[in-house]
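Q: My questions will all concern the structure given below.
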């Protein structure tokens, strides 16, 4: 069997729009470096912001939902590994892959723990939280390996939920051959926020920025705030007010290192999960930020109190202090880059993952016998998604 991996995505990767898009592209490149022939399949249409996967050497495919043509497609590919980009992608397609071959390795890229994000959203219905939790945990148990991007989430799964570490691979973002470039306080100005603005935690963060910005502006009359991002919800458009220094600036289409022209990232995230791409980028470029305990979760910061505030008043005061004081801003910038190098400026996590994957491939039967819960959840009585899909497929044939 050839070393061939298939990534199945809910959408086409948009690395410039979201951390999830950056993540899946980084994984594809890693598999290619490790001598895998990389394929990507989705039922979605590409957008103008979709990554050019052909340029990356990735073979792309359009697939249909709820169709047995997918099994025919998998048979032709003769796969070694399948990677699902979300738990509900695994629900839709993993049983079809198993119908073709039981030797294919199933990997779930959790991106972040959706049930944690849902639970932390105060608007979530408790029944919805329980449903997402049960479905996502079932997906983790069914998969041979699940990629966990946050050290907090790795500990939560292994220590609190008692999931075997054999089923999990801690794999954060990484930056090989990282070399920090120092920033100069006097070469920077203004605040910024960046992210997919339709993503609920980001939408809520912009609402909060609009609420606290007048207090910051009162103390720093010359400062401006630039909110960058695609897919702007209608509810946010009312905040665009250049005369008040609050700019909905659209997508940041320049090279990301040009973010360092801004002095401070403001990221008042009240809920969410995983590693926040905006925090990762700020640390990469040595841009001081003010965020929340949720925002910095999973980042191993040596001085978290300098950049963390969960109270609005504290948030404003820290933002103003960092913006105004070069003697505070400069060491914060240097500390963040040092923390980045220690946690992400290494290939050890991706190297460990491929060693773990090799062990699973070599001993897949033993690996699965050690996971009886997964075996139970793969049985017919627990595969509601399978039979719903078969029902839809039959209905479609009658139309």
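Q: For the stretch 17-28, give me each residue that is part of a loop (DSSP other than H, G, I, E, B) and touching a helix residue (DSSP H, G or I) at 6+ places or on another chain (Cβ under 8 Å). Step through it out loud before you land on a result.
A: Going through the stretch 17-28, the residues part of a loop (DSSP other than H, G, I, E, B) turn out to be 17-18.
The one that is part of a loop (DSSP other than H, G, I, E, B) and touching a helix residue (DSSP H, G or I) at 6+ places or on another chain (Cβ under 8 Å): 18.
Q: I've got another one for you. In the stretch 127-159, how many residues are under 22 Å from residue 350 (Cβ atoms) and touching a residue at least 60 places away in the same chain (Cβ under 8 Å)?
A: Matching residues across the stretch 127-159 total 9.
Q: Right, next: Of the numbered conditions (1) in contact with a strand residue (DSSP E or B) (Cβ under 8 Å, 6 or more places away or on another chain); (2) not in a strand (DSSP E or B), residue 60 fails exactly one; give the number of that condition.
A: (2)
Q: Turning to a different aspect of this structure: In the stretch 160-173, which residues are free of Cβ contacts under 8 Å to residues at least 60 places away in the same chain, within 14 Å of residue 360 (Cβ to Cβ) and touching a strand residue (DSSP E or B) at 6+ places or on another chain (Cβ under 9 Å)? Give the steps one after another, and end with the answer.
A: Initial filter on the stretch 160-173 (free of Cβ contacts under 8 Å to residues at least 60 places away in the same chain): 160-163, 165, 168.
Narrowing further to those that are within 14 Å of residue 360 (Cβ to Cβ): 165, 168.
Within the stretch 160-173, just 168 meets the criteria.
Q: Restricting to the stretch 230-243, and then to whatever is without any contact (Cβ under 8 Å) to a residue 60 or more places away in the chain and in contact with a strand residue (DSSP E or B) (Cβ under 9 Å, 6 or more places away or on another chain), can you tell me which residue is surrounded by the fewest Cβ atoms within 10 Å (Cβ to Cβ)? Reasoning before the result, please.
A: Start the filter on the stretch 230-243 by keeping residues that are without any contact (Cβ under 8 Å) to a residue 60 or more places away in the chain, which leaves 232-243.
After this cut, where a residue has to be in contact with a strand residue (DSSP E or B) (Cβ under 9 Å, 6 or more places away or on another chain) as well, the list is 232, 236-237, 239-241.
Working: 232: 19, 236: 19, 237: 9, 239: 19, 240: 14, 241: 13.
Across the stretch 230-243, the extreme among qualifying residues is 237.
Q: A further question on this structure: Would you check if residue 133 is assigned by TED's automatic domain parsing to the domain that holds residue 87 and surrounded by fewer than 21 Cβ atoms within 10 Å (Cβ to Cβ)?
A: yes
Q: Given the options 296, 290, name the one that is in contact with a strand residue (DSSP E or B) (Cβ under 9 Å, 6 or more places away or on another chain), in contact (Cβ under 8 Å) with a residue 12 or more places away in the chain and part of a loop (DSSP other than H, G, I, E, B).
A: Exactly one residue qualifies, and that residue is 296.
Q: Could you check residue 305 against (1) free of Cβ contacts under 8 Å to residues at least 40 places away in the same chain; (2) touching a strand residue (DSSP E or B) at 6+ places or on another chain (Cβ under 7 Å) and say which number it fails?
A: Result: residue 305 fails condition (2) only.
Q: Looking at 81, 76, 38, 59, which one is in the same structural domain as residue 139 (by TED's automatic domain parsing) and touching a helix residue (DSSP H, G or I) at 6+ places or on another chain (Cβ under 7 Å)?
A: Unique residue meeting the criteria: 38.
Q: Also: Residue check: is residue 199 under 23 Å from the mean Cα position of the chain (by Cα), under 26 Å from residue 314 (Cα atoms) and surrounded by fewer than 17 Cβ atoms within 10 Å (Cβ to Cβ)?
A: no
Q: Now a separate question. Are there any helices (runs of 4 or more DSSP H) wholly within the stretch 81-159 with 2 or more residues that are closer than 27 Å to residue 294 by Cα and in contact with a strand residue (DSSP E or B) (Cβ under 9 Å, 6 or more places away or on another chain), and if so which?
A: Once the helices (runs of 4 or more DSSP H) in the stretch 81-159 are filtered for at least 2 residues that are closer than 27 Å to residue 294 by Cα and in contact with a strand residue (DSSP E or B) (Cβ under 9 Å, 6 or more places away or on another chain), what remains is 87-100, 126-142, 151-155.
Q: Continuing with this model, one more query. As an exercise: evaluate residue 222 against (1) in contact (Cβ under 8 Å) with a residue 60 or more places away in the chain; (2) not in a helix (DSSP H, G or I) and give the number of the one condition it does not meet.
A: Checking residue 222 against (1) in contact (Cβ under 8 Å) with a residue 60 or more places away in the chain; (2) not in a helix (DSSP H, G or I), the one that fails is (1).
The values are calculated or read from the model by the stated rules, or taken from the named source; none is laboratory data. Everything numeric in this text was worked out from a predicted model, so none of it was measured. Every residue, glycine among them, receives a Cβ derived from its backbone with ideal geometry; neighbour counts consider all protein chains shown.
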